[in-house]
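Down below is the structure, laid out as structure tokens.
The values are calculated or read from the model by the stated rules, or taken from the named source; none is laboratory data. The model shown is predicted, which means the values in this text are computed figures rather than measured ones. Cβ sites come from the backbone with ideal geometry, for glycine too, and all protein chains shown count toward neighbours.
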Amino acid sequence: MKILLVASEVAPVIKIGGLGDVVGSLPKALAKIGVNADVIVPFFPTAVVTGLSVYKCYDLSVPFSGQDHNVEVYKTQLESGTDIFLLKNSYYFASGGKNFFAQNYTETEMFTFFDACVVQFVKSALNTYNIIHCNDWHTGLITHLLEDELGRERPKTLFTIHNIIYQGVGTPELLKHFGYVPGSHQLIDWDVADGDINMLQQGITSSDFVNTVSPTYATEILTKEFGGGFEDILQSRKDRLSGILNGIDFTSFPSDITTLNYKTVKSEKKRQLMSKLGMSASDLPIFSFVGRIDAFQKGLSLLAEALPELLKNYGSFVLLGSGDKKWEARLVEIGEKFGKKTSINIKFDADLANLIYAGSDFLLVPSKYEPCGLIQMIAMHYGTLPIVHGVGGLKDTVSNGDNGFVFNDFTTDALLGSVKEAVNVYNTPQMDKMIENSLKKDFSWDKSALEYKKLYERILSS
Ligand code: ADP
């Protein structure tokens, strides 16, 4: 079985968000169980290939926008042994790969072109794949184009939704680039009838199978509340929709915290964290938040409302994140009111993130929705108990009173209710038991890779 994973990023070469981590780690875990998976991504100027041997292996000619474009195919191999194909084009892939994609005209055009390139790649002598595994809106047109161009000869297709809210909505003009004739394609005609093309919708409707990144999110996206407008389409494809939890590649999160030493190591890390951030030493618990400052997804309104009471009555608070400027300012302002009991760090800093995971007692994850969520799993790997809203992957990984705290209503009171429960167990034998439970959990890719193998087998036999 040979799989081609198609995405906008692959860590550590191109890393913008969690998607890059998944695309970088899944092939490594699949290789261990005998599944060969290669990766294909755009060769953005930001790609970090230092220390890797990169060589040109092919030239593609890609018909797009009335011309044939030359695309150079480069190949490299990650340290993990995964083969990566990088597609180079000085016009379409000249920018990108730095920040989260804005889904504006330039970016929807860039990925329309990328999708056209991947189709030519699959039609070329380089194709050795049984399944083309596409990820998120950036790859949404591939499954359609493959069907159009190769019909029954095409490999099977899987489309993974990492976050249904990011859809890649563009002008229908984009479709002219690859020669779409209105009226010729039912699924595209249906999509553009409302005046735009939705790349995520194209991937969902035209791939053989669809999956997402946790079992709970796979059921949530069938509802109006979480479905991003696709709940009806997904209901109609329910028999071909599933959810597989993302794993964590723990080599990126080195930790020496074990069930035997956590008491001494964690208190040392706590001391290091407070001293590094200039916070006043305290025996009270430290609560933390690490992540994108995204007011729509990450439950920041709950956090902001809960903080004054949390800081007055229960402990200290550390935040690390960046994103929405207005929310960054609001969080800094709250922090300033509580002096050395808080440390608000507006930046991206992987080392500080690891120290926060190791040195805090409780990690707050009040997300409104969370397709999978990695931070709660990373925190548990460091013996830090997550306090989560019970949705998506948070619900699948945290069990209340066992390895963390789960609140079900998306309200500040419910969040504070869980904070109080956490404070009640703080420094008790029950907390020790919970820390030990969290350290024993296996969130590595091994289990999830087996699930992917089963899904690939199902796709091939369908
Ligand atoms: P999402 O993919 O929605 O951003 P996840 O919980 O799935 O959220 O993954 C977030 C990842 O990014 C984690 O590995 C987390 O440690 C990391 N991260 C997020 N913000 C920061 C930051 N400011 N500094 C360092 N690491 C961060």
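Within the set 343, 360, the sole residue that is in contact with a Phe, Trp or Tyr (Cβ under 7 Å, 6 or more places away or on another chain), polar (S, T, N, Q), away from the ligand (no atom under 12 Å from the Cβ) and more than 18 Å from residue 391 (Cα to Cα) turns out to be 360.
Out of 157, 112, 128, one residue alone is touching a strand residue (DSSP E or B) at 6+ places or on another chain (Cβ under 9 Å), of a type in the set (Ser, Thr, Tyr) and part of a helix (DSSP H, G or I). It is 112. Residue-level check: of (1) touching a Gly at 6+ places or on another chain (Cβ under 6 Å); (2) surrounded by fewer than 17 Cβ atoms within 10 Å (Cβ to Cβ); (3) not aromatic (Phe, Trp, Tyr), residue 70 misses just (1).
Is it the case that residue 391 is closer than 22 Å to residue 211 by Cα and either touching a residue at least 24 places away in the same chain (Cβ under 8 Å) or more than 12 Å from the ligand (Cβ to nearest atom) (or both)?
On the way: closer than 22 Å to residue 211 by Cα: yes; either touching a residue at least 24 places away in the same chain (Cβ under 8 Å) or more than 12 Å from the ligand (Cβ to nearest atom) (or both): yes.
Considered against the rule, which asks whether it is closer than 22 Å to residue 211 by Cα and either touching a residue at least 24 places away in the same chain (Cβ under 8 Å) or more than 12 Å from the ligand (Cβ to nearest atom) (or both), residue 391 comes out as yes.
Looking across 158, 146, one residue alone is in contact with a Lys or Arg (Cβ under 7 Å, 6 or more places away or on another chain), within 17 Å of residue 118 (Cβ to Cβ), away from the ligand (no atom under 16 Å from the Cβ) and not polar (S, T, N, Q). It is 146.
Would you check if residue 226 is among the hydrophobic types (A, V, I, L, M, F, W, C), outside any helix (DSSP H, G or I) and surrounded by fewer than 22 Cβ atoms within 10 Å (Cβ to Cβ)?
Details: among the hydrophobic types (A, V, I, L, M, F, W, C): yes; outside any helix (DSSP H, G or I): yes; surrounded by fewer than 22 Cβ atoms within 10 Å (Cβ to Cβ): yes.
Answer is yes for this residue.
Taken together, 41, 23 contain a single residue that is of a type outside the set (S, T, N, Q) and either within 16 Å of the ligand (Cβ to nearest atom) or surrounded by fewer than 20 Cβ atoms within 10 Å (Cβ to Cβ) (or both), which is 23. Please indicate, with yes or no, whether at least one residue in the stretch 287-298 is assigned to a helix (DSSP H, G or I) and within 16 Å of the ligand (Cβ to nearest atom). The answer is no, given that none of the residues of the stretch 287-298 is assigned to a helix (DSSP H, G or I) and within 16 Å of the ligand (Cβ to nearest atom).
Scanning the stretch 202-212 for residues that are at pLDDT below 95 and not hydroxyl-bearing (Ser, Thr, Tyr) yields a single hit, 202.
Just need a number here: residues in the stretch 407-430 that are assigned to a helix (DSSP H, G or I) and of a type outside the set (Asp, Glu).
In the first step, residues of the stretch 407-430 are kept if they are assigned to a helix (DSSP H, G or I); the result is 412-425, 429-430.
After this cut, where a residue has to be of a type outside the set (Asp, Glu) as well, the list is 412, 414-420, 422-425, 429-430.
The total comes to 14.
Working carefully through the options 189, 239, 232, 194, find the one that is part of a loop (DSSP other than H, G, I, E, B) and surrounded by fewer than 22 Cβ atoms within 10 Å (Cβ to Cβ). It would help to see each step written out before you state the result.
Working: 189 fails: part of a loop (DSSP other than H, G, I, E, B); 239 fails: part of a loop (DSSP other than H, G, I, E, B); 232 fails: part of a loop (DSSP other than H, G, I, E, B).
One residue alone meets the criteria, 194.
Remark: pairs (first residue in the stretch 279-299, without any contact (Cβ under 8 Å) to a residue 60 or more places away in the chain; second residue of a type in the set (Asp, Glu); Cβ separation under 8 Å; 6+ apart in sequence or on different chains) = 293/324; 293/328; 294/324; 295/324. Residues that are at pLDDT below 95 number at least 2 in the following strands (runs of 3 or more DSSP E) confined to the stretch 316-406: 316-323.
Would a scan of the stretch 303-312 turn up a residue that is more than 23 Å from residue 436 (Cα to Cα), within 16 Å of the ligand (Cβ to nearest atom) and either β-branched (Val, Ile, Thr) or buried (at least 17 other Cβ atoms within 10 Å of the Cβ) (or both)? So far as the stretch 303-312 goes, yes, one or more of its residues are more than 23 Å from residue 436 (Cα to Cα), within 16 Å of the ligand (Cβ to nearest atom) and either β-branched (Val, Ile, Thr) or buried (at least 17 other Cβ atoms within 10 Å of the Cβ) (or both).
Of the residues 196, 191, 249, which single one is over 30 Å from residue 178 (Cβ atoms), at pLDDT below 95 and charged (D, E, K, R)?
Details: 196 fails: over 30 Å from residue 178 (Cβ atoms); 191 fails: over 30 Å from residue 178 (Cβ atoms).
After applying the criteria, what remains is 249.
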